[in-house]
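Each remark here refers to the structure printed beneath this line.
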Amino acid sequence: MTTYPLESYEFNEVMHKIARLLDEKRYDESKWENAKEILRNNNSYKLMKNHINTIQLLKQNEDLFRFSTKTLEILHQINLEVASLAPLTEILKLSANRLRSISKVNVILIAMLDKEKNVLRIDAVSGSNEEKLLHFEQSIDEGIAKLATSSNEPFTIPKINKTEFAEDPLVKLLIETENIVNLAASPLIAHQELLGIVFLARNTVNTSKDILFQMLKNYCYQTAIAIYNNKLYSNEIRISKLHTELFEEALNKGGNEGVIQKLANFIDEPILLLDEFGNLIHQVHSINCDNPEFRFNHSIIFKEISTQKERPYSFEISVDETYYSVFMITFHNRTVAYLVLPSQLQRYDHLSIVAIEQTKNVLALQINQERTSIEVENRLRQDYLYDLIFGLESEKNLVRRARYLNISFEKKHKVIVLSPNSHPQTNDQIIGNQLLQALEKFRYIIGISILPLSMVHGEKLILIVPEDKVKSTSNYVLKYIQENSSFTKATIGISNTVKVPKDYIKGFEEAKKAAEFASAFQNDSSIVHYDDLGIIGVLFNTENTENMEDFMKKHLQPIIKYDQKNNSDLIRTLQTYLDNESVIQVSAELLHVHYNTLRYRINRIEEILGVDLANPHNRLNIQIALIIAQLVKA
């Protein structure tokens, strides 16, 4: 057994220094190493060296145990905060303060990763001036932020004020405010996802032991789990709140605009809502929008959407080098609308996608409810139109039903009938479906004020239109049908003015006859007014088109051939002469010829046709033939 000179000065010196180190609240490795360096030449120390190293290790383990115990207390407190749904900022602040209280550092910073901005942002500060450091941001592509986010393990940089990082914006700020010379960093990783970085800064040089690094790593992992869970809880609350707000908007008649406004505020992006035909329903900005002048070019966007051959429930399109994300809103496997957002799909995290899907579901229900209501009203109006044009109800009942449907007979209308000339191989069902789809668009685009009554009957589209809107409506309808259907051609017939219920029966027959005439004679004009048919309108029906054409040829064919052969225009002379009741003087003036010249031409016409134009019966036949020729040529 080894004995020590108890009364010697050297022994007392050793025991005095060791006792002072043991009395320290915390283990300080630098002080222990300094003391051993001073005692290096002390004979008693040489004898006691192994025992002193053992005592040092016990002190170190005591400190580590205390650190571990306090760490567990902190983590427990953090988990309690998470369970109480405390804001993330409070949890981070608590974590920074508690970690600093058990460590030997001057400053603790907790920086969270903002993936959208690609930066680290200081969200919690302990031990320094928050005013300068809180919310400080630095790109993760440079400096200390790049180093910290690329490492999965804790690390320390001693004498950082002497390294290349001294000019790093964050490090420079710490040096200026706290004279920092030592900086350690440890990642906050949960479920293989980097959430942020914990920075530990001190104004003295310290060489950390592996065991301390391991404990710091465990602390950061547990803290990261707590932060991750807090985000999950917060996200669940946000999603639940959004879900409630969406249905409140729907139930409180906030409409589609109110619904997408909630989503825009949630994801902080402008939103465009288009119907299935590409018509604008609404576009909104978020409440924090920094560019309120931004507008979607919805017509170009929908044109690009239409070019997509395969349309998954969400996809990207590019317009003028700008990317848009498109989310299809479907109901019973039918697309009813499109949500358009001005960013690529990868821009939206899981939470945003959940919010978008919830919004889509609410909009699908809302739009379907609106469509159902509209379809019921359209069905009632369609049934009413059927009874009106086929005379299946008394005028008294028609007037009564009109009041319920808000239809007025005070305004003058006309009946428009569109008749498609389809390819012989085109199925009747296909024609009917295309007309129904077109009618649905017309009802939406043109509106009920201009199309109070409309229907598809057989292979005909029937529209009731105010007299002053007939031209624009018929042109739009014909153009759309020609561009968006498989019909080789379509013709439109327009009735005379209708006002009272009994007029509509006649009006429908007039419009149908005009459309059939244009179709039968294959004239260049696809829109024919019944009023322009004159007496032909009375005589014409689809069963006698050949007879009418034969009649025209019988009375005019010789003069037509003569004009073609001699490059003359006797048929115009004949038309003018008969239009002016066979008065030579008036007709000559209109034709800008001498009346003797006109008399010669009339005689020549009579010779060619073999008729006497003084005979009223002959004049009537030729006038009818001229009308048929004009309509066919038109």
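Per residue, what accessible area does the chain have, given a 1.4 Å probe and all protein chains present, in Å²? Each step should come with its number before you reach the end.
On the way: 34370 Å² over 634 residues.
Roughly 54 Å² per residue, with all protein chains present.
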Net +/- balance of residues flanking residue 322 in space, Cβ distance below 12 Å, scoring K and R +1, D and E -1: -4
Interchain or long-range residues, amide H under 5 Å from residue 453's placed H: 464
Acute angle (nearest 10 degrees) that the helix 9-23 long axis makes with the longest principal axis of the chain, alpha-carbon atoms: 30
Mean separation of Cα contacts under 8 Å (6+ apart) over length of region 276-412, as relative contact order %: 13
The chain - mean residue ellipticity at 222 nm from DSSP helices (-39,500 (n - 2.57) per run, n ≥ 4, rounded to 500): -18500 deg cm²/dmol
Surface share of carbon and sulfur [accessible, 1.4 angstrom probe, percent] for the chain: 49
Protection-proxy order for peptides 271-282, 369-380, each taking the mean of Cβ atoms within 10 Å per residue, highest first: 271-282, 369-380
Debye intensity ratio in log₁₀ form over the Cα atoms of region 433-495, taken at each q of 0.21, 0.25 Å⁻¹: -0.84, -1.23
Between 0 and 90°, nearest 10: helix 88-102 axis offset from the chain longest Cα axis: 10
Note, ³J(HN,Hα) from phi for region 134-151, Karplus 6.51, -1.76, 1.60, rounded to Hz, x at Gly and Pro: 5, 6, 4, 10, 8, 4, 7, 9, 8, x, 5, 5, 5, 5, 5, 7, 9, 10
Once the Cα gyration tensor of region 225-321 is diagonalised, semi-axes √(5λ) in Å: 28, 18, 15
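May I ask you to derive the relative contact order of the chain, considering only C-alpha pairs under 8 Å and at least 6 residues apart, and to give it as an integer percent?
Averaging sequence separation for qualifying contacts and normalising by length gives 7 percent for the chain.
What is the sum of charges, Lys and Arg at +1 and Asp and Glu at -1, for the other residues whose Cβ falls under 11 Å from the Cβ of residue 261?
Around residue 261, the charge tally is -2.
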For residue 418, net neighbour charge (Lys/Arg +1, Asp/Glu -1) across residues whose Cβ lies under 15 Å away: +4
Options (1) 1.03; (2) 1.35; (3) 1.29 - which one matches Rg/Rh (Cα atoms, Kirkwood Rh) as calculated here: (2)
Electrostatic dipole magnitude of the chain [Cβ: Lys, Arg +1; Asp, Glu -1; Cα centre; debye, to 20]: 460
Residues whose placed amide H lies under 5 Å from that of residue 190, excluding near-sequence neighbours: 195
On Cα atoms only, tilt of 255-267 relative to the major axis of the chain in degrees: 30
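The values are calculated or read from the model by the stated rules, or taken from the named source; none is laboratory data. Everything numeric here is computed off the predicted structure, so don't read it as measured data. FYI the Cβ positions are ideal-geometry reconstructions off the backbone, even for glycines, and counts take in every protein chain you see. Each accessible area value is taken on the protein alone, full model and side chains, heavy atoms only, with ligands, DNA and RNA left out. Shrake-Rupley method; radii C 1.70, N 1.55, O 1.52, S 1.80 Å.
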